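K.L.:
Can you read through this structure? Questions will come right after.
Just so it is clear, none of the values below were taken in a lab; they were calculated from the coordinates. The structure presented is a predicted model; accordingly, all values stated were derived computationally and were not measured. Please note: Cβ atoms are built from the backbone with ideal geometry, for glycine as well, and neighbour counts cover all protein chains shown.
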Amino acid sequence: QVQLVESGGTLVQAGGSLTLSCGVSGATFNAYVGGWFRQSPGKEREFVATISRGGIFINYAESVKGRFTISRDNDKNTMSLQMNSLLPEDTARYYCAARPGAISSDPLTYEYWGQGTQVTVSS
């Protein structure tokens, strides 16, 4: 059973930076595609970024492209999301997820999820 645990969420001012981490246990992470999603109250879960098993293929939501960077360290079974130039609209609970196969922006295709970490960006 793959287990994921996010960390790093906090309150940050607009324009600031933050790095989220996702620790993976119960499986070898290099067998899975990784993804970051976010959800605000009253909204659907939204795709943020995804990274292939070897880290070669990456895709971002248009709203974060150029500001966020997804990465992974398969030796450490971790995945990260570096977030720069944060905006108030980035406020959400951020989730990491894993799935076999190819990269995907569809949250319904991800099998394993963490509990999330809250990011709040103040204006």
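K.L.:
Quick one: pull the percentage of alpha-carbon pairs in the chain with a separation above 23 Å.
P.N.:
Tail fraction, whole percent: 21.
K.L.:
Follow-up question, since we're still on this one. Going by amide H atoms built from the backbone, whose H comes under 5 Å of the H on residue 27, apart from near neighbours?
P.N.:
3
K.L.:
Follow-up question, since we're still on this one. Hey, rough spin-label estimate for residue 115 and residue 43, points 7 angstrom out along Cα→Cβ, what's it come to in nanometres?
P.N.:
2.4
K.L.:
Here is a follow-up. With no solvent and one equal point scatterer per Cα, compute the Debye intensity ratio I(q)/I(0) for region 53-123 at 0.12 Å⁻¹ and report its log10, rounded to two decimals.
P.N.:
Rounded to two decimals, the profile gives -0.36.
K.L.:
Same structure again: At 0.36 nm per residue, and after removing the present C-alpha to C-alpha distance, how many nm does the segment from residue 73 to residue 30 gain when stretched out fully?
P.N.:
Length difference between fully extended and current span is 14.6 nm.
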